[in-house]
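Worksheet: one structure, shown below.
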Amino acid sequence: ELKVEQNPLFLSMQEGKNYTIYCNYSTTSDRLYWYRQDPGKSLESLFVLLSNGAVKQEGRLMASLDTKARLSTLHITAAVHDLSATYFCAVDSQENNDMRFGAGTRLTVKP
Amino acid sequence: NAGVTQTPKFRILKIGQSMTLQCAQDMNHNYMYWYRQDPGMGLKLIYYSVGAGITDKGEVPNGYNVSRSTTEDFPLRLELAAPSQTSVYFCASSQGYGYTFGSGTRLTVV
């Protein structure tokens, strides 16, 4: 069964700093997604990664996928307060027609 | 476009009561899903559907039922509500890569 693990689960960082969130998954999959969730809100799609070596960037966020290592990273560059949210990675399950989520990384960016 | 619409947004149920969470999408997506999200946790799949008339269990189906009589609608039924079903419920739809999520239903069972 597909398992998705994120780390860290909690991340407090200062504005202007860089950091990386990691997402590991347990079985073969070629599709990985990153979502953002603000408190009390729904999930907003950030990135869709569909192949090994895929890299996507939007503003201060950059996501990459290594399907051989079963690893995706979400890199934050020069963090700003507006990036404070919970970030989830999710992986398509090839066994089932669904997507499994990591537990989420709660990011707080402090001035 | 409305996307994925969930109703109600909030609901308080007493133990043993039943209710139906509604989900509708206007994107003609074949795939629809119900997830629950407990406080501080990720999403767990309850049920999903790959098309009208076809449903299947996810990770945590106990205590729930679904039906998919049309492409647009995918209601989730709670029978005999229990405190353990207190959660935020998200419906999602897909046609290919990635999901579109509804705004969620916050359910409290007391």
What number comes out for accessible area per residue over chain A if the probe is 1.4 Å? Units Å², please. 50
If each residue of separation counts as 0.36 nm, what is the full-extension length gain between B:Y97 and B:D38 once their alpha-carbon separation is subtracted? 18.7 nm
Suppose we compare each residue of segment B:63-103 in its chain alone and in the full protein complex with a 1.4 Å probe; which ones drop by at least 50 Å² of accessible area? B:Y97, B:Y99, B:F101
Would you mind computing, in nm to one decimal, how far apart the modelled labels at B:I54 and A:T28 are, each placed 7 Å from Cα along Cα→Cβ? 2.2
Using DSSP to call loops (not H, G, I, E or B), can you name the GluC sites (Glu not before Pro) in segment A:43-111 whose Cβ has at most 14 other Cβ atoms within 10 angstrom? A:E95
Given DSSP loops and a limit of at most 11 other Cβ atoms within 10 Å, what is the longest stretch of chain B that contains no such trypsin sites (Lys or Arg not before Pro)? B:15-110
Using a 1.4 Å probe and counting only protein heavy atoms, how much accessible surface gets buried when A and B come together, both sides summed, in Å² to the nearest 100? 1600
For segment A:4-110, build the charge dipole from Cβ charges (+1 Lys, Arg; -1 Asp, Glu) around the Cα centre, then report which of A:Y19, A:P39, A:L65 sits farthest towards its positive end. A:Y19
R0 of 30 Å, Cβ-Cβ distance A:K3-B:A82: FRET efficiency to nearest 0.05: 0.70
Label segment A:4-110 by shape, choosing from rounded, prolate and oblate, from the square roots a ≥ b ≥ c of the eigenvalues of the Cα gyration tensor; if a/c is under 1.5 it is rounded, and otherwise prolate applies when a/b is larger than b/c, oblate when it is not. prolate
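The values are calculated or read from the model by the stated rules, or taken from the named source; none is laboratory data. All values reported here derive from a predicted model rather than from experimental measurement. Backbone-built Cβ (ideal geometry, glycine too); neighbour counts: all protein chains shown. In case anyone asks, the SASA skips ligands and DNA or RNA and just uses the protein heavy atoms, side chains included. Shrake-Rupley method; radii C 1.70, N 1.55, O 1.52, S 1.80 Å.
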